[in-house]
1. For the range B:508-585, build the charge dipole from Cβ charges (+1 Lys, Arg; -1 Asp, Glu) around the Cα centre, then report which of B:536, B:522, B:553 sits farthest towards its positive end.
2. Toward the positive end of the charge dipole of the range B:426-486, about the Cα centre and with charges on Cβ (Lys, Arg +1; Asp, Glu -1), which of B:454, B:440, B:484 goes farthest?
3. Any of B:457/B:505; B:35/B:486; A:141/A:191; B:74/B:433; B:76/B:486 with alpha carbons more than 20 Å apart? Name them for me.
4. Loop only per DSSP, at most 15 neighbouring Cβ atoms within 10 Å: give me the trypsin sites (Lys or Arg not before Pro) in the range B:141-201, ordered by residue number.
5. Compute the Kirkwood hydrodynamic radius of the range B:223-326, taking the inverse of the mean of 1/r over all pairs of distinct Cα atoms, and give it in Å to one decimal.
6. Once every DSSP H run of n ≥ 4 in chain B is given -39500 (n - 2.57) and the sum is divided by its residues, what mean residue ellipticity at 222 nm do you get, rounded to the nearest 500 deg cm²/dmol?
7. Need one word for the range B:256-400: rounded, prolate or oblate. Basis is the Cα gyration tensor (sqrt eigenvalues a ≥ b ≥ c); a/c below 1.5 gives rounded, then a/b vs b/c decides.
8. Just tell me the longest site-free run in chain B, where the sites are chymotrypsin sites (Phe, Trp or Tyr not before Pro) in a DSSP loop having at most 11 other beta-carbon atoms within 10 Å.
Amino acid sequence: MMMLMMVSLFLTFFFLSHSPLFLNKHQLQRSPNMLGTEHDLNFKETELCLGLPGGSGGGGGAAAAGGGGGGKNEVESSPKTTGKRGYSETVDLKLNLQSKEGCMDLNQNLENGSKEKNHLTAKPPAKAQVLGWPPVRSYRKNIMANQKNNSDEISDRASSGSGGAAFVKVCMDGAPYLRKVDLKMYNSYQKLSDALAKMFSSFTMGSYGCEGMIDFMNESKLMDLLNSSDYVPTYEDKDGDWMLVGDVPWEMFVESCKRLRIMKGSEAIGLAPRAMEKCKSRV
Amino acid sequence: MQKKTAYSFPDEILEHVFSFIQSGKDRNAASVVCKSWYEIERWCRRKIFVGNCYAVSPTMVIRRFPDIRSIELKGKPHFADFNLVPDGWGGYVLPWISEMAGAYPWLEEIRLKRMVVTDESLELVAKSFTNLQVLVLFSCEGFSTDGLAAIAASCKNLRELDLRDSEVDDLSGHWLNHFPDTYTSLVSLNISCLGSDDVSFSALERLVGRCPNLRRLLLNREVPLDKIANLLSRAPQLIEFGTGTYAAELRSDVYSNLAEAFCNCKELKCLSGFWDAVPAYLPVIYSVCSRLTSLNLSYAPIQNPDLTKLVSQCPSLQRMLVLDYIEDSGLEVLASSCKDLQELRVFPSDPFGEEPNVSLTEKGLVAVSSGCPKLQSVLYFCRQMSNAALVTIAQNCPNFTRFRLCLLDPKIADYRTLQPLDVGFGAIVEHCKDLRRLSLSGLLTDRVFEYIGMHAKKLEMLSVAFAGESDLALHHVLSGCESLRKLEIMNCPFGDKALLANAAKLETMRSLWMSSCSVSLGACKMLGQKMPRLNIEVMDEKGPPDSRAESDPVDKLYIYRSVAGPRFDMPPFVWTMDEDFASELS
């Protein structure tokens, strides 16, 4: 019995080491806005006179650079400003943000997305999604995502009625914003991880393996991780228990997840034994 | 004693005259003619619209208007629809309900948009307003089916319950059972947003069956196709109907029942719903098509030729909402069949896809603009546009009141010339003199804003993203657009100068939203100090403003005029820059 528990614990911990969910503290701090515009206040302007702002466009500084996108045209509206990441750093933007400093500037996403399309001969990564664009309500986005996934099974959908969205609140220790994600927008842990990364600026989860489940192996590596100050995602399931994200197949997770919380690894240690018990009883 | 001249009427006469003035704007104008008109008007005003719930306090409203029967309130800024406003920002309706509960016991209509409505609020509504007839919760959130149960149980005179696009927590499916058996007054019911298990179908059937005045019924997705015939047969007087999921195995009995049920709805003019629609069941609505004035297929994954065939049978269409599956070819058919078309909305089926999945381009919109002379309102998502097309569209449709173009790649240029789309949008504002609402997208320089400032004199709402090069752009808009009420901007290189130079303009507008721009904290503070009748709200995750440099840009900025002063229900990530701000922090 004890042996079984130890093995299970062992196995859970592998997940976390195999797929590091960590987040260094410094990455939480966002770097200043990278548009590189002037910020000095011209006090004359501020006396509310209706004069034109000084200079023909000097005030605004360089526009957010960006290719026309879509690889269809090569127009660049203005030269890059300083502070933007060089191209070479953008290649694995989607996969692992740990080495990147600071936040993901939205304009950069767009630029990076289009640059990658222009230059890479390999299959381009999915276009980085800019928050708020295109301006489609979440409800509609979700319906579309569902329908895309089920496009082969439309005629069978009568009874499936999977309903609309699966919005869950996401909070991250230390971040004042509460956010919401619609779990039905994603079809794998990796996609969810990418979305959370964008939302919380530098949170990253590694690969989950082909089935997206916990792979059970290296206990000590996991313990190191949980003991560090890095962050792991956890969720509250239907029974009200807090579990480590990734313990069950994706579909089961979507059904049972009520809330997400990204917490420090050291706090998540307490979850591990309970999570193990539960996993055991499921299997 | 007040001397009455030959030109003054007794109050009762004036009051009677005012009762013919329904428009809030006109009433507002009448109320400032003189003090006696102000008094008379405020006593007999029955309907009030508050475009920003924080622009005024409930106490102030109640003090001025003692006998309101109908109120409409709006809360969060429009960009909240696209997840740009963090949770907890505000827009709570409870303070309003609490105060109105005592002051307006005869309140009949409550219409809320983008507000946070809790079960507690709904329970208070149910308890306080026994004469409630209309409850519209448009894009609201924060409540559950428990709150709805309270409304159902208590509001005997309820005619209209509309939960359009709201987020409702599903707790139990049986709130519909709370409508008493004696309740028969329902005229309009929109539960299309409810999730699974929220609706007890048998309760719905009984409700529909006993309400002979039911004219509008919009079901939620969970209602299966084979139940619709039964419902419709109990309500053949319906004018507007929204199906649930429109997919099922093809069965001849279901098919024929459905066809017959639709056929018997002789007054049906508006259809919507059609989630997951399969082509097999489309023909059942053919008998209704010739009468349809409004058709919403924007949740239906139907493609051509079925989609086009359906559209071609609806010559009376005035309002069409559809996915881009309709493609240019379908829009051409629409243009030739639907000469009464006034409003068109084309939504993207794959908004985040890399490559186009459908053949929908600018050509479809040009076709509709050419074929439909009454076209006034457009919302169009597509992947390519040209200046030439926009100029043609503008020339074809000088009557546009609303024009919203969303290019999926927000900075894409004219695909033919690789130029910015300035000239195209310039043509729109130049030709469409009645344009009230405009959303821009595509590659745009300061020039387009120059055109807008010059021509868009009736423009009330402008949405801008990823556009412009400098503050000059913002300055053009703020100084030129005389009728501007709402301006929302995301990801544009606009900084302090235009904002500060046009600070006075901001008091003539309802609100300004700027996110991911370059407005500095210092400028916000300055505005806060100089403009006491503006609330300058800064939203930032990074931490309180006092911890950062004056020149740091703020993440999100929301400025709105208010006579109520700064609000007190702000979450930790929102700060108001007011005159006390600087001193509070030192």
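1. It is B:536, whose Cα lies furthest towards the positive end.
2. Selected residue: B:484.
3. Cα-Cα > 20 Å for B:35/B:486; B:74/B:433; rest within.
4. Here the sparse-neighbourhood loop sites are B:156, B:164.
5. 13.4
6. Result for chain B, helices only: -9000 deg cm²/dmol.
7. Because a/c hits 1.5 or more and a/b fails to exceed b/c, the range B:256-400 counts as oblate.
8. Segment B:21-567 is the longest.
Quick note: the coordinates plus some simple rules give every number you see, no bench work behind them. In this text the structure is predicted, and so the values were computed from the model without any measurement. We place every Cβ from the backbone using ideal geometry, glycine too, and count neighbours over all the protein chains shown.
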